[in-house]
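The values are calculated or read from the model by the stated rules, or taken from the named source; none is laboratory data. Source: prediction; values computed, not measured. Cβ placement follows ideal geometry from the backbone for every residue including glycine, while neighbour counts extend to all protein chains displayed. What goes into the accessible areas is simple: the full protein's heavy atoms, side chains included, and nothing from ligands, DNA or RNA. Shrake-Rupley method; radii C 1.70, N 1.55, O 1.52, S 1.80 Å.
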Amino acid sequence: MKLFDAFKALLPSQQTPVVAEPTPKPRAPKKTEKELATERGDPYVAILSMEVDPENLHQGAFELDWNEKFILNLSRVGYQMKENDKESDIIDRWFQSVCRNVALEVYEQAQADPENRDLRKMNTKDLGNGRTEVS
């Protein structure tokens, strides 16, 4: 070890140069789909979440997000009923319409399907006094 130290002492001193770490450029946060659509001037609507009541599966709620262009489009086709309607009222009317149309489409398809003949059949039972039970 002494020999190595002696040899090292004969060489000129070499210090490791200090290299400054490049400062990373701050990255702009990634834009959301809503922000991108808004920048393009496109309408935007999305379902953010859905909740279902575990005690009553027929009850639930959706959380929606939208941009101004989507509201303008809905207003133009008649979903805004009053001048002072809130955006949430306009969205609610539209979403109810969408849900109603989906339910009607499913019903019509079930009615047209020959495999569902029993679903279309109504049973009637005369209860007397001009009353009929339909099931």
If the Cβ limit is 6 Å and pairs must be 6+ apart or interchain, which residue in the range 11-31 that is at positive phi and basic (Lys, Arg) pairs with which residue that is modelled with pLDDT under 60 and in a loop (DSSP other than H, G, I, E, B)? none
Considering 98, 106, which residue is under 30 Å from residue 66 (Cα atoms), open to solvent by less than 100 Å² (accessible area, probe 1.4 Å), part of a helix (DSSP H, G or I) and modelled with pLDDT of 90 or more? 98
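For the range 77-95, what are the residues that are part of a loop (DSSP other than H, G, I, E, B) and either in contact (Cβ under 8 Å) with a residue 40 or more places away in the chain or not small (Gly, Ala, Ser) (or both)?
From the range 77-95, those part of a loop (DSSP other than H, G, I, E, B) are 77-86; that's our starting set.
Scanning the range 77-95 gives 77, 79, 80, 81, 82, 83, 84, 85, 86.
Tell me, yes or no, whether the range 72-80 has at least one residue that is open to solvent by 60 Å² or more (accessible area, probe 1.4 Å) and in contact with a helix residue (DSSP H, G or I) (Cβ under 6 Å, 6 or more places away or on another chain). Don't jump to the end; show me each part of the working.
Here is the first cut: in the range 72-80, the residues open to solvent by 60 Å² or more (accessible area, probe 1.4 Å) are 72, 76-77, 80.
Still in the running and in contact with a helix residue (DSSP H, G or I) (Cβ under 6 Å, 6 or more places away or on another chain): 80.
So far as the range 72-80 goes, yes, one or more of its residues are open to solvent by 60 Å² or more (accessible area, probe 1.4 Å) and in contact with a helix residue (DSSP H, G or I) (Cβ under 6 Å, 6 or more places away or on another chain).
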State all residues of the range 26-68 that are in a strand (DSSP E or B) and surrounded by 11 or more Cβ atoms within 10 Å (Cβ to Cβ); if no residue qualifies, say none. 45, 46, 52, 62, 64, 65, 66
